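I have placed the structure first, in the form of structure tokens, so that the comments after it can refer back to it.
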Amino acid sequence: MLFQIHLWSGISLGLYIFFISITGSVLVYRNELYVIFTPEPILSTSTSALLSDARLKETAQTANPGYSVSRFYRAGNRDQAVIIWLEQENKVRKRLYDPRTGEDVGSAVETGVNMVTNLIQIHDNFLAGPTGRKINGVAAIAVTLVILTGIVIWWPGVAHWRRSLKVRTDFGWKRLNWDLHSMMGFWSFGFLLIFSLSGIYLCFPESFHAIADRLWPVTQENAGRRLIDSVLYWLAFLHFGRVNGIGLPCDGPGLCDQSVKAIWAFFGLAPAAMFVTGATMWWNRVLRRWLKKR
């Protein structure tokens, strides 16, 4: 019974698991991606006096008839190009203007940065806002069920459990595929459980806090010191694999920070790999036999 639950839950959630796994591993490095995709600022080479904000807005509107300025940003470096957004009904133009000459020097749209931001939104809520986040949370609950049933199915008994910790290559590719699935499931079990439980929490934080407040009401004595608050705090941090700012001995950017990110990114790919091996087993055991009968 557990095997059937695990099998069909894994197959039905397979593409979701694969997608969340890949995007999650990539987003472990979201800060580095933002740095890579952020373009170098454009600086004015003119020796003319700086133009006033009003003059720059007027210049931008003159160059874009029918548009009005909706946003205006001047950086701390006064020679850096000014960002001006112009809107007309549902149309938006985002342009850069030389702060000394008023010349249009290019688009203010940072394509790479927008791609990373959109990837975060897709991973969080499928670009569907609160509704998408709830769907993501429900799917995370289902994935937790797959993980828990998987570890029960994995247990081969006291006498043989050590055999399931490695891959054997002398029994053919089907057994190799099974061993890979089994081994990855065991070694990544703790990480997968953290990812799924923290994912549920991040999708339904209000519900978690409401339950915590009901079980452990806040008083003057325990305010800010409840164990449940620390558990939820760490649950959120452990989802992302970032150690900066959480008070660890290796706090701050460096080898430790990058090592933790690499570990999180590596184990974040485990669900995708397990979907591939699990789908292969499903093909051999179920679908191929059904096709032969047909």
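The values are calculated or read from the model by the stated rules, or taken from the named source; none is laboratory data. Quantities reported herein were computed from a predicted structural model and do not represent experimental measurements. Methodologically, a virtual Cβ is constructed for each residue, glycine included, from the backbone with ideal geometry; neighbour enumeration extends over all protein chains shown.
Descriptive notes on the structure:
- Residues of region 39-54 classified as among the hydrophobic types (A, V, I, L, M, F, W, C), more than 40 Å from the chain's Cα centre (by Cα) and in a loop (DSSP other than H, G, I, E, B), total: 3
- Total residues in region 40-65, condition in contact with an Asp or Glu (Cβ under 7 Å, 6 or more places away or on another chain), surrounded by fewer than 18 Cβ atoms within 10 Å (Cβ to Cβ) and not assigned by TED's automatic domain parsing to the domain that holds R95: 2
- Whenever a residue of region 23-50 is touching a residue at least 12 places away in the same chain (Cβ under 8 Å), its partners that are of a type in the set (G, A, S) and crowded, with 16+ Cβ neighbours inside 10 Å, lying with C-beta atoms within less than 6 angstrom and at least six residues away or across chains, give the pairs G24/G268; S25/A265; S25/G268; V28/G241; V28/A265; I42/A81.
- Unique residue being under 31 Å from the mean Cα position of the chain (by Cα) and farther than 30 Å from T144 by Cβ when the list is I17, I5, I84: I84
- Scan of region 161-216 for residues that are hydroxyl-bearing (S, T, Y) and either touching a residue at least 60 places away in the same chain (Cβ under 8 Å) or over 18 Å from F266 (Cα atoms) (or both), ordered by number: S164, T169, S188, Y201, S207
- Residues being in a helix (DSSP H, G or I) and within 13 Å of A272 (Cα to Cα) - total across region 1-38: 15
- Qualifying residue in region 103-114 (condition: farther than 30 Å from L127 by Cβ, in a loop (DSSP other than H, G, I, E, B) and either touching a residue at least 12 places away in the same chain (Cβ under 8 Å) or in the same structural domain as L127 (by TED's automatic domain parsing) (or both)): no
- Some residue of region 130-140 being more than 24 Å from A236 (Cα to Cα) and surrounded by fewer than 15 Cβ atoms within 10 Å (Cβ to Cβ): no
- Complete set of residues in region 69-89 that are part of a loop (DSSP other than H, G, I, E, B) and surrounded by 13 or more Cβ atoms within 10 Å (Cβ to Cβ): R74, A75, D79, A81
- Tallying residues that are surrounded by 16 or more Cβ atoms within 10 Å (Cβ to Cβ) and assigned to a helix (DSSP H, G or I) within region 261-272 yields 8.
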